[in-house]
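**Q** Quick one: the structure is below, and I'll ask about it shortly.
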Amino acid sequence: MTRDRRVFLGSSLCLSGAWLVGCGDDGVQVPAALGACAPLDDSELLEVLPFAGEGEAPLETPLGAGLDARLYTDLAALQPDEPRVDSDRFYVRTGYPDLLRAPDDWRIAVGGPSRGPTELRLAELAELVQPMGAHLLECSGNGAFAHFGMLSVAEWSGVPMTEVIARAAPAPGAKRLLVSGFDQHSQPSEKSVPGASWVFTLDELAARGAFLATEMNGAPLPRDHGAPVRLVMPGWYGCTCIKWVDELRFVGDDEPATAHMKEFASRTHQDGVPELARSYRPAEIDLAAMPVRLERRRAGGRTFVRLLGILWGGQRPTDALEIRFARGAEPASWTPVEVCPAQTQNRYWSFWWHRWTPPAAGAWEIRLRVADASVRTRRLDSGFYARTVVV
Ligand SMILES: Nc1nc2c(c(=O)[nH]1)N[C@H]1C(S)=C(S)[C@@H](COP(=O)(O)O)O[C@H]1N2
Ligand SMILES: [Mo]
């Protein structure tokens with residue numbers, strides 16, 4: 001792990017000496033005085049403990065091609081003072097389509113009942129590009145096989161969908177928009193159906209602050225992340241964040257679900273595979289948390305485990321995070337986890353530390369929960385993000 005990602009500091013970042021002061025709504029809050037939260041004990045690092053039973057997938061290594069291309073972010077390398085992941089470590093799901101010959105003058109076709117143009121030139125949208133802040137993307141197909149590395153945060157610039165839609169000038173009463181991206185690859189996929197498009201309501205796009213991104217971490221969008229233009233739908237799974245966007249179409253209430261929506265129906269927690277787009281629930285990422293790095297440390301002759309973890313997803317911040325360490329079927333209890341600095345946003349992850357002294361040797365399953373029944377945590381509740389360590 002290098003500290004390369006620090007090169008971003010001071011550019012578009014909003015740094016401040018105090019936790020939550022001096023940042024606009026969209027700024028990245030990097031606590032300059034993280035020491036007030038960081039565990040400043042003078043313990044000695046003995047080893048970084050691996051998570052058990054998560055497979056052998058190599059991290060931060062490009063794998064496969066086309067629709068099967070993957071790169072898994074190494075979450076154990078995260079540093080709490082830098083929420084963003086370098087663009088070349090940001091997870092990839094589907095690589096740049098080898099059949100895409102992107103013209104310099106990229107155009108997005110506009111269809112459906114509209115009073116406006118039949119296409120939007122990216123060049124004309126360029127004047128509307130603005131900083132959009134840090135947002136997290138997670139693949140709905142994330143999992144232990146990838147050490148949960150289909151989850152990353154970047155700082156984005158782009159054009160708010162509300163402004164794009166205004167330019168596209170839909171006929172009055174338009175309610176839904178189909179967003180499609182180029183998705184033709186010469187390599188047949190073993191796992192995925194080609195064709196990437198999702199139907200959103202205009203209200204959802206506006207309420208979530210969706211935008212067409214053209215820049216990531218202060219540079220033009222990298223090829224594998226959708227160059228020259230992709231959708232970012234804050235708070236929704238990555239499968240809705242269409243890359244290489246080449247079509248916007250205003251559609252009616254009876255628009256069928258796309259093949260892409262059907263492919264991702266179960267992973268976005270739909271009931272079955274609905275036939276109509278309007279039957280799909282918002283593909284929201286529920287609040288979730290997991291440890292990302294386990295360090296065995298020693299202080300004053302005693303050893304303990306320090307956990308670094310993340311908290312992400314959900315609609316509003318929580319202060320009700322709890323952790324449980326369970327061995328086999330033995331009874332286990334929940335303990336509060338302090339998120340420090342306190343969670344203030346759900347657009348990207350927050351960090352937490354926890355100190356744990358294993359009471360006995362064995363395989364311990366680590367789970368988190370939110371002790372607040374008003375917060376939906378479907379994946380946490382199902383044990384999806386449970387991780388195991390052998391001590
Ligand atoms: N055109 C296109 N867009 C796409 C996909 C795709 O296969 N084709 N995959 C989606 C999925 S499943 C995810 S998780 C995100 C991944 O974005 P990233 O590779 O930039 O992390 O892109 C989405 N956009
Ligand atoms: Mo995904």
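**Q** Looking at (1) more than 18 Å from Val232 (Cα to Cα); (2) modelled with pLDDT of 95 or more, can you tell me which one Met132 breaks?
**A** Among (1) more than 18 Å from Val232 (Cα to Cα); (2) modelled with pLDDT of 95 or more, the lone unmet condition for Met132 is (1).
**Q** Across the range 360-391, what is the number of residues that are aromatic (Phe, Trp, Tyr) and assigned to a strand (DSSP E or B)?
**A** Here is the first cut: in the range 360-391, the ones aromatic (Phe, Trp, Tyr) are 364, 384-385.
Filter again for assigned to a strand (DSSP E or B), leaving 364.
So the answer is 1.
**Q** Now for a separate question. Restricting to the range 314-331, name every residue that is under 17 Å from Gly383 (Cα atoms), among the small types (Gly, Ala, Ser) and at pLDDT 95 or above.
**A** Once the filter is applied, which keeps residues that are under 17 Å from Gly383 (Cα atoms), among the small types (Gly, Ala, Ser) and at pLDDT 95 or above, the range 314-331 yields Gly314, Ala326.
**Q** Moving on to the next point. Those residues that are under 30 Å from Arg306 (Cβ atoms), more than 20 Å from the chain's Cα centre (by Cα) and touching a residue at least 12 places away in the same chain (Cβ under 8 Å), I need them from the range 55-72; list them, please.
**A** Selection gives Gly55 alone.
**Q** When the residues of the range 253-280 are filtered to those that are among the polar types (S, T, N, Q) and away from ligand 2 (no atom under 12 Å from the Cβ), which remaining residue is nearest to Ser140 (Cα to Cα)?
**A** So in the range 253-280, the residues among the polar types (S, T, N, Q) come out as 258, 266, 268, 270, 279.
Then keep just the ones that are away from ligand 2 (no atom under 12 Å from the Cβ); that gives 258, 266, 270, 279.
On the way: Thr258: 17, Ser266: 9, Gln270: 12, Ser279: 18 Å.
Out of the qualifying residues, it is Ser266.
**Q** As an exercise: evaluate Arg378 against (1) within 22 Å of Leu49 (Cβ to Cβ); (2) surrounded by fewer than 18 Cβ atoms within 10 Å (Cβ to Cβ) and give the number of the one condition it does not meet.
**A** It fails just one condition, (1).
**Q** Related question: What are the residues in the range 107-142 that are touching a residue at least 40 places away in the same chain (Cβ under 8 Å) and of a type in the set (Gly, Ala, Ser), if any?
**A** Once the filter is applied, which keeps residues that are touching a residue at least 40 places away in the same chain (Cβ under 8 Å) and of a type in the set (Gly, Ala, Ser), the range 107-142 yields Ala109, Gly111, Gly112, Ser114, Gly116, Ala126, Gly133, Ala134, Ser140, Gly141.
**Q** Sort out which residues of the range 343-357 are over 19 Å from the mean Cα position of the chain (by Cα) and either crowded, with 16+ Cβ neighbours inside 10 Å or in contact (Cβ under 8 Å) with a residue 60 or more places away in the chain (or both), and write them in order of number.
**A** Residues satisfying the conditions are Trp353, His354, Arg355, Trp356.
**Q** Turning to a different aspect of this structure: Scan (1) modelled with pLDDT of 95 or more; (2) within 11 Å of ligand 1 (Cβ to nearest atom) for the single condition His185 breaks and write down its number.
**A** (1)
**Q** For the range 190-234: of the residues being of a type in the set (Gly, Ala, Ser) and near ligand 1 (Cβ under 9 Å from one of its atoms), which is surrounded by the fewest Cβ atoms within 10 Å (Cβ to Cβ)?
**A** Only one residue fits best here, namely Gly195.
**Q** Considering only residues that are outside any loop (DSSP other than H, G, I, E, B), within 15 Å of ligand 1 (Cβ to nearest atom) and over 19 Å from Leu231 (Cα atoms), look in the range 122-151 and name the one that is farthest from the chain's Cα centre (by Cα).
**A** Phe145
**Q** Can you name the number of the only condition in (1) surrounded by 14 or more Cβ atoms within 10 Å (Cβ to Cβ); (2) of a type outside the set (Phe, Trp, Tyr); (3) at pLDDT 95 or above that Thr118 fails?
**A** With respect to (1) surrounded by 14 or more Cβ atoms within 10 Å (Cβ to Cβ); (2) of a type outside the set (Phe, Trp, Tyr); (3) at pLDDT 95 or above, Thr118 is out only on (1).
**Q** Listed residues Ala102, Ala134, Ala146; which is within 16 Å of ligand 2 (Cβ to nearest atom), surrounded by 15 or more Cβ atoms within 10 Å (Cβ to Cβ) and either of a type in the set (Phe, Trp, Tyr) or more than 15 Å from Ile242 (Cα to Cα) (or both)?
**A** Unique residue meeting the criteria: Ala146.
**Q** Now for a different question. Take the conditions within 16 Å of ligand 2 (Cβ to nearest atom), assigned to a loop (DSSP other than H, G, I, E, B), at pLDDT 65 or above and not charged (D, E, K, R) and apply them to Thr61. Does it pass?
**A** no
The values are calculated or read from the model by the stated rules, or taken from the named source; none is laboratory data. All figures in this text were calculated on a predicted structure; none of them were measured in a lab. Backbone-built Cβ (ideal geometry, glycine too); neighbour counts: all protein chains shown.
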